[in-house]
Each structure stands twice: as C-alpha cells, then as structure tokens.
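To start, the structure itself, in structure tokens.
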Amino acid sequence: MQKKKIIFFFISGIVLVIIAIIIILFSISVHTLELKTFEEKKIIFKQKIHPRDKFTLKYTHSVALTPVWEIFIIDKEYQIVLIETDFLDHGAGLPYASFGEEIFVEEDGKFKIKNMHRVMPSPIYYMVGEVREIYFSFKNTEINLSLLLGDKLLTIEINKNNLLNYLLGGNL
C-alpha cells in the first residue's frame with residue numbers, strides 16, 4: 001500500500017511538472033521579424049527580435065541610380081519605426097528636407113535625415129525589383145532580395161508567437 005502511494009505521488013509530481021512546463025511555453029511571448037512573399041506567403045527571413053533591434057533596407061534609387069539606406073528600429077511596443085534615411089545625392093524623389101524634430105546632416109560622405117520617428121504600417125508592403133538591387137540587413141545577415149526574388153511584392157512584419165509555437169516553427 002505504501003509503495004502505491006509513493007508511485008501515485010511520483011506520477012502526480014511528473015504530471016504537475018509537465019503541466020507547468022506547458023503553461024510556461026504557452027505564456028512566454030516571442031516576437032519575430034518576418035519577410036514573406038505576398039502571393040505565395042513564402043518566408044524569406046524570420047528572426048527573433050527584441051526592442052532596439054535594427055534592420056536596414058538598401059536600394060538603388062530609380063532616378064538618381066545611387067544607393068539609399070533606410071534604417072529601422074523595433075520599438076518597445078514591437079512596432080517598426082523608420083529612424084534614419086541616408087543617401088548620396090540630391091534629385092528627383094530623394095529627400096530634400098527634414099520635418100518636425102528630424103535633422104538633415106551631411107556625415108560620412110552621405111546626406112542623412114536623422115532623428116526620425118515614423119511608425120510604419122503593419123505589414124509593410126515593399127516592392128522588390130530585380131534591377132533596383134535591394135538588400136535587407138539584420139545583425140550579421142545580409143540578403144540580396146533582388147537576386148533572390150526578382151520582381152515580387154514582399155511583406156515585412158512583426159509576428160507574436162508563444163514560445164511553444166516559436167520552437168515548433170509555427171504562428172499563433
């Protein structure tokens with residue numbers, strides 16, 4: 001009889017630990033930055049993110065044919081915010097002035113609009129063009145989107161998953 005009680009308490013303890021682990025896995029949130037093709041929903045990039053993480057989109061301007069860098073940050077509410085635009089030249093379609101609290105500077109051989117705080121819509125719809133040489137950079141990863149995708153519409157968004165779904169590769 002004593003042996004049955006020990007086995008019962010042991011099994012009950014294991015079940016409680018398993019339930020606690022499952023609750024923890026469902027209650028912890030994980031945010032990911034995802035780039036997907038619009039039509040096929042094919043994931044091009046997916047990475048766990050934290051507030052203050054940055055990423056850059058670099059493209060060749062269609063008129064000036066010079067590079068433009070758009071620098072984004074993830075804010076504490078997990079929104080994508082455009083914080084800076086860098087470019088080499090002035091001309092049609094290129095920034096020419098700063099607005100509000102933004103500042104327009106010449107720095108490191110580039111013109112820059114800094115101190116921007118433009119919260120982006122979610123998702124961001126971004127047209128990738130094969131001839132525009134569009135690059136995506138995040139931490140130590142750089143992807144030539146033009147070479148990879150050709151002419152395709154891309155979505156850029158932040159997704160919230162629970163830890164279990166994230167570990168299994170799914171979404172909420």
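Throughout, read-outs are computed from the coordinates displayed, never taken from laboratory work. Keep in mind that what you see is a predicted model, and the values were worked out from it rather than measured. Positions of Cβ are backbone-derived with ideal geometry, glycine not excepted, and every protein chain shown enters the neighbour counts.
Determine Rg/Rh for the range 80-131; Rg is computed over alpha-carbon atoms and Rh is the Kirkwood hydrodynamic estimate from the same atoms.
In the range 80-131, Rg relative to Rh is 1.01.
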Under the Karplus relation with 6.51, -1.76 and 1.60 and θ = phi - 60°, whole-Hz ³J(HN,Hα) for the range 34-48, x at Gly and Pro, equal 10, 10, 9, 5, 5, 6, 7, 6, 6, 6, 8, 8, 8, 8, 5
Cross-link reach from Lys41 to lysines, straight Cα distance under 28 Å and at least 8 residues apart if same chain, gives Lys54, Lys58, Lys76, Lys139, Lys152, Lys160
On each of the three principal axes the extent of the alpha-carbon atoms of the range 59-161, given in whole Å and largest first, is 39, 35, 24
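Which order do the peptides 101-107, 144-150, 35-41 come out in when sorted by mean C-beta neighbours inside 10 angstrom, highest first?
Values: 101-107: 11.9, 144-150: 16.0, 35-41: 14.1.
Going by the mean number of other Cβ atoms within 10 Å, highest first, we get 144-150, 35-41, 101-107.
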Which residues qualify? For Ile83, with a placed amide H closer than 5 Å and at least 5 residues away or on another chain, they are Ile71, Phe72, Ile73
One checks the Cα atoms of the chain and finds Rg and Dmax, in Å, of 22.8, 88
The exposure ranking of His61, His117, fewest beta-carbon neighbours within 10 Å first, is His117, His61
In nm², the average projected area of the convex hull spanned by the Cα atoms of the range 1-96 is 10.5 nm²
Nearest-0.05 FRET efficiency for Glu157 and Lys5 at R0 = 41 Å, using Cβ-Cβ distance, is 0.15
FRET efficiency (Asn165, Arg118; Cβ distance; R0 35 Å; to 0.05) is 0.70
